[in-house]
Structure formats: structure tokens, C-alpha cells
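Right, one structure below, let's go through it.
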Protein chains: 2
Amino acid sequence: MSEILVVGSVAYDSISTPQGKAEHILGGSANYFSVASSLYAKVNVVGVVGDDYAEKDFELLRSRNVSLEGLQQVSGKTFHWQGKYEDDMNEAITLETQLNVFEHFDPTLPESYKDSKYVFLANIDPELQLKVLEQVRSPKFVGLDTMNLWIDIKKDKLKEVMGKVDVVLINEGEARMFAGTMNTVKAIKEIASHGPRGVVVKRGEYGFMMYSEGQFFVLPAFPVDNVVDPTGAGDTFAGGFFGYLAKTNTEVNMESLKNACIHGCLIASYTVEGFGLSKIEKLDWSMVEGRHNKYRSVISYNQL
Amino acid sequence: MSEILVVGSVAYDSISTPQGKAEHILGGSANYFSVASSLYAKVNVVGVVGDDYAEKDFELLRSRNVSLEGLQQVSGKTFHWQGKYEDDMNEAITLETQLNVFEHFDPTLPESYKDSKYVFLANIDPELQLKVLEQVRSPKFVGLDTMNLWIDIKKDKLKEVMGKVDVVLINEGEARMFAGTMNTVKAIKEIASHGPRGVVVKRGEYGFMMYSEGQFFVLPAFPVDNVVDPTGAGDTFAGGFFGYLAKTNTEVNMESLKNACIHGCLIASYTVEGFGLSKIEKLDWSMVEGRHNKYRSVISYNQL
């Protein structure tokens with residue numbers, strides 16, 4: 001087992017979906033990722049919170065053996081996102097974004113983080129992603145996520161970071177936007193052309209498409225009939241993905257990348273079953289294995 | 001091997017997609033289905049065409065051992081559909097529908113068709129679907145497709161036919177519309193509650209979801225980077241599905257239904273690579289097997 005470093009947002013979210021509402025709940029990519037990946041390995045978080053950040057919210061991660069040494073607490077309010085989902089649960093509609101202390105976030109790695117072997121650069125400014133990469137000494141496997149904003153305003157910088165990571169994990173809509181094509185097969189190859197050895201396109205309820213070593217690996221999501229809140233599904237996918245790789249900590253190859261995708265997919269299928277972190281903070285290993293067995297039967301057939 | 005009966009539309013289509021245009025090409029659900037399923041078994045077509053229907057278009061099906069005894073030719077023009085696809089190739093935009101001779105279509109089965117064992121009721125008025133069902137003697141396996149129009153204006157009749165068939169094959173958007181929910185897992189169960197032993201939801205580039213005997217079977221489409229024209233993908237999915245069942249002609253169970261879905265999925269992946277029937281009319285068995293092998297590698301992993 002090896003340590004994972006994540007840098008991303010730590011936030012409070014207010015979310016409304018056809019299934020209900022949740023006000024001011026814990027969120028942010030770094031939190032979603034950490035809760036998921038801490039099921040597999042030790043996690044080191046780099047982020048920033050304001051002085052309104054609740055003690056119980058620090059405690060949730062500490063209790064899961066997540067290091068918060070790199071979580072800066074500064075004067076001001078914590079990042080707050082307000083969003084809603086309408087019938088189409090695949091798309092979040094942002095109602096308000098208050099960056100607050102996140103606006104001037106300057107990621108600094110504590111000495112103890114610098115030897116982390118697995119590094120996930122969640123969706124933040126690509127310049128900050130680069131800054132984090134410059135501070136880690138000899139990572140074994142690095143991944144990034146991004147969003148439409150950075151594709152819009154910092155595409156060249158984003159391409160530069162893509163050239164320095166092992167894997168890009170990206171939403172399907174953003175992959176298409178980045179590549180300028182609605183065809184996901186073309187888009188994934190275009191992203192791969194910038195250097196990462198693997199690209200994983202996250203397709204929400206349709207699962208994922210991975211491309212690596214000239215091969216595709218494509219599978220659907222586990223069928224869930226009670227989708228309560230899709231927020232964080234992508235970040236917990238990344239959490240399961242990196243968690244799996246760090247836990248096994250063997251040579252990364254096509255087969256381990258495939259298994260990493262499966263774990264991401266399984267964890268994400270739990271995430272959407274509750275608001276915020278409510279479902280995945282209760283996840284244990286037997287639940288992951290149980291769903292894996294069911295998942296295998298959902299996607300398996302004997303060729304007759 | 002056993003004979004397949006299909007009833008559906010026979011049409012000329014004018015289609016425009018981001019990849020180009022095709023004017024007045026052969027189309028219609030019965031044609032798409034027949035070209036696909038004739039790769040597997042003998043097919044009997046029930047439909048109607050006008051006096052403008054070209055000899056070469058009859059000949060295409062005859063050359064594939066498709067019986068056209070039940071294809072009525074009447075005075076007037078053949079059904080004509082004009083449509084386009086924009087960037088989102090998952091959705092056809094209808095520009096014009098000229099029903100022409102199809103408006104008064106009254107399906108009558110020649111005596112030689114009445115013992116067909118596999119029956120596919122393509123997307124036509126559910127009253128006509130019932131009328132066809134009343135004429136077949138002892139079918140072994142019957143399926144239907146439908147569309148938003150019939151869900152809108154003849155839902156009760158449609159439910160009645162669903163109760164008389166073995167499988168419902170339906171687009172994802174229409175499944176959601178029928179069931180009044182955006183959750184496909186819920187929608188597929190709702191449709192199954194009307195009686196069919198299996199329901200297959202066709203998800204375009206995302207593949208399919210099948211539900212039967214309380215179990216799900218879900219897989220993605222084969223990744224295609226040159227989607228030229230999605231028209232007919234759903235009908236050729238049905239063609240591969242029924243073709244497989246008729247060719248093997250053994251007991252229909254979960255495993256054979258799964259294999260039928262795979263064949264549907266493979267054939268549909270070829271359909272979208274060309275305008276109209278251009279790609280699938282050249283399909284041979286080695287192409288199906290070749291893609292099946294590639295498909296297996298795209299969806300397979302060894303659990304580590």
C-alpha cells in the first residue's frame with residue numbers, strides 16, 4: 001500500500017434534486033475523493049477552508065486516516081456551491097458559486113506529502129495543478145481532472161499538464177468540448193495525443209470509456225434505481241480508481257487500469273444513492289465486493 | 001433454423017447528418033430489420049409500397065432470401081421520411097413525414113407466413129400489431145417496438161400488445177416517456193410489469209439495457225469513431241436479436257437473450273457506419289464474428 005495525494009476543492013454545497021434538498025452539506029472534489037480513496041489507502045489532502053469549517057467535518061476525514069496537514073485554514077468563508085439537478089440527473093445546473101477562500105488558494109505541500117506515490121490533481125486551475133506537480137518528488141502515477149472553465153480559458157496550460165500526467169479523468173461533455181467533436185471515441189484519442197498513457201471518460205449513468213495502449217475498455221454503470229444526488233460521482237470514481245491502484249501498488253498496466261476503472265465505477269454507483277457524502281461515508285469493503293459480484297453478473301454472458 | 005416474420009414500414013428516406021447527405025434512399029423499419037436478420041435466417045416481410053418502388057429495391061431483399069409475398073404494392077407513393085441529425089447523433093429530427101400508401105396499410109399475412117415462429121412487430125400502430133398477432137398460428141417468440149406517437153395517442157392499446165409479446169424492444173427516450181420516469185432502471189421494470197418476459201432498452205451509442213427474469217444485462221455499444229448515419233440502428237439491433245434467436249432456434253432463456261442482445265448490438269454498430277443500408281447490405285458472417293471478438297476485448301477484464 002502506498003500513499004495518495006489529492007489536491008482539490010473543499011466546499012459546502014446546497015443541492016436540490018428531484019429527490020429532495022440538502023443545505024450546506026460537506027462537498028468539494030477533495031472531500032469526495034478522500035472519503036472514497038481512504039477505503040483503500042492512506043490519503044493526504046491539500047486544500048483550503050475558511051474559519052467557518054466545522055470541527056466535525058475535519059473529524060470525518062481524520063477518522064478515516066486521511067491526513068489534513070496540507071489542508072490550510074484561513075480567515076474567511078469556505079467555498080460554497082449551490083446547484084440543482086432537474087429530470088436529467090446527468091447534468092448539474094449551477095445556481096451560485098461563492099469561491100470565497102478558494103479564490104486565492106495556493107497549494108503548498110507539507111514535507112510529509114512530497115513522497116506520495118499516487119497523485120490526483122482534481123479539477124482546479126491547471127496552473128495550480130502544475131504547481132503541485134513541481135512539489136512532489138517522484139510520483140509513481142499521476143492523474144488529473146478538469147472542467148469546462150479551464151478548457152475555455154486555459155486550454156494551453158491544461159494541455160501542458162496533460163503531457164505530464166499518466167491519466168486524464170474527464171466528463172464526457174468536457175472531453176467532447178476539449179476535442180471539438182461530439183464523437184467520444186475521437187475525443188478520447190485526441191486527449192490521449194497530448195501525452196497521458198490513459199484517458200478515462202466518465203459517462204454518468206452510462207459508465208465509462210477508457211483508452212490506453214491503443215485499446216478501449218468500455219463498460220456501463222451499475223444499474224441504480226434510486227439516484228438521489230449525482231454530485232461527487234466523478235470525484236469518487238477517481239477515488240476508487242486511485243484507491244485501487246495505491247492499495248495494490250503493483251506495476252500499472254492495462255489490466256490494473258481496467259480494475260481501477262471498475263472500482264471507480266462501483267464506488268460512484270454508491271455515491272449517487274444519497275445526498276453528498278451520506279452514502280459513501282458508510283461504505284465498507286464488503287459492500288464494494290458485494291456490488292462487484294452483482295456488477296459482474298450484469299455485464300457477463302457466455303458466448304453461445 | 002426457423003422463419004422470421006416482420007411487419008413494419010418500407011420507405012424512402014432523405015437524410016442529412018454532419019457527415020453528409022443521402023437523398024431518397026431505401027429505408028423503413030421492415031427493410032432495416034430484414035437486411036440484418038436475413039444474415040441469420042429466412043425472413044418474411046409484411047408491408048406496403050407504392051407504384052414508385054424500384055425494382056432494384058425489391059431485388060435487394062429477394063437476393064437475400066427474404067420473402068416479399070406479403071409486401072403489398074398499391075397505387076400511390078411509397079412512405080417517405082425526411083430527417084436530419086445535428087451534432088448529437090443520438091436524436092433524429094424529423095423534417096417531413098409523407099405517409100402516402102402507408103397511411104391505409106392493412107397488414108394481411110399470406111398463408112405461407114402464418115407458421116413463422118419468430119415475429120417482430122416493428123414500430124407501427126399497435127392496433128395493426130394486434131391484427132398481425134391474430135393471424136400467426138403458434139409463434140414461438142414475439143417482440144414489438146414502438147414510438148412516442150403511439151405512447152401519446154394509443155397507450156392502452158400498446159399496453160395490451162405488450163401483454164401478448166415475449167419481448168419489448170424500445171428506445172431509451174421512449175421507455176422513459178412510457179413509464180413517466182427519467183430513471184431507465186425504473187422504466188424498464190415498469191414496462192416489464194405489463195407482461196413481456198424481457199425488455200430491451202436501446203441506448204444508441206451507449207448500448208443497451210435488458211431486463212428479464214428479475215435480472216439486468218447491460219453493455220455499451222461497440223466504440224465507433226465514424227458514425228455516418230444512425231438511421232435504422234434500432235431496427236437492425238432488432239434484426240440481429242431476432243436473427244440470432246431464429247438461427248439457433250433453441251429454448252429461449254436468459255443466456256440466449258443475452259447473446260441475442262450482443263448480436264443486435266454488433267449489427268447496429270455496423271449500421272451507423274454508412275448511410276441507410278449501405279454498410280449492412282455488405283455484411284457477412286466473418287465481419288460479425290470479427291467485431292464480436294473485438295467487442296469482447298473492449299468489455300472484458302480479469303478481476304485482480
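Things worth noting here:
- Residue check for A:D87: in contact (Cβ under 8 Å) with a residue 40 or more places away in the chain and assigned to a loop (DSSP other than H, G, I, E, B): yes
- Test set (1) within 13 Å of chain B (Cβ to nearest Cβ); (2) surrounded by 19 or more Cβ atoms within 10 Å (Cβ to Cβ) - A:E251 fails condition number: (2)
- Matching strands (runs of 3 or more DSSP E) fully within the range B:1-50 where at least 2 residues are under 18 Å from the mean Cα position of the chain (by Cα), closer than 17 Å to B:Q82 by Cβ and of a type in the set (S, T, N, Q): none
- Options B:P230, B:P223: the member that is more than 11 Å from chain A (Cβ to nearest Cβ), on the phi < 0 side of the Ramachandran plot and surrounded by fewer than 24 Cβ atoms within 10 Å (Cβ to Cβ): B:P230
- For B:N65, the conditions (1) closer than 19 Å to B:F242 by Cβ; (2) modelled with pLDDT of 95 or more all hold with the exception of (2).
- Some residue of the range A:171-183 being more than 21 Å from A:S29 (Cα to Cα) and in contact (Cβ under 8 Å) with a residue 40 or more places away in the chain: no
- All positions within the range A:6-20 that are among the hydroxyl-bearing types (S, T, Y) and farther than 13 Å from A:T97 by Cβ: A:S16, A:T17
- So A:A22, is it at pLDDT 95 or above, out of contact with any Pro (no Cβ under 9 Å at 6 or more places or on another chain) and surrounded by fewer than 24 Cβ atoms within 10 Å (Cβ to Cβ): yes
- Residues of the range B:209-220 that are facing chain A (nearest Cβ under 8 Å) and more than 20 Å from A:Y211 (Cβ to Cβ): B:M209, B:Q215, B:F216, B:F217, B:V218.
- On inspection, B:N183 qualifies as buried (at least 16 other Cβ atoms within 10 Å of the Cβ), over 15 Å from the mean Cα position of the chain (by Cα) and polar (S, T, N, Q).
- Considering B:L121, B:L71, the condition of being within 18 Å of the chain's Cα centre (by Cα) and surrounded by fewer than 23 Cβ atoms within 10 Å (Cβ to Cβ) is satisfied by B:L71 alone.
- Residues (touching a strand residue (DSSP E or B) at 6+ places or on another chain (Cβ under 9 Å) and either closer than 19 Å to B:D88 by Cβ or of a type in the set (V, I, T) (or both)) located in the range B:178-187: B:T184, B:V185
- For the range B:259-304, the set of residues classified as among the hydroxyl-bearing types (S, T, Y) and either free of Cβ contacts under 8 Å to residues at least 40 places away in the same chain or more than 10 Å from chain A (Cβ to nearest Cβ) (or both) consists of B:S269, B:Y270, B:T271, B:S278, B:S286, B:S297, B:S300, B:Y301, listed by residue number.
- Of all residues in the range B:187-215, those satisfying the criterion of being within 19 Å of A:Y295 (Cα to Cα) and surrounded by fewer than 19 Cβ atoms within 10 Å (Cβ to Cβ) are B:K189, B:E213, B:G214, B:Q215.
- Taken across the range B:212-231, residues that are within 17 Å of B:Y40 (Cα to Cα) and part of a loop (DSSP other than H, G, I, E, B) do not occur at all.
The values are calculated or read from the model by the stated rules, or taken from the named source; none is laboratory data. Given the structure is predicted, the values throughout are model-derived calculations rather than measurements. Don't worry about glycine lacking a Cβ; one is built from the backbone with ideal geometry, like all the others, and counts go over all protein chains shown.
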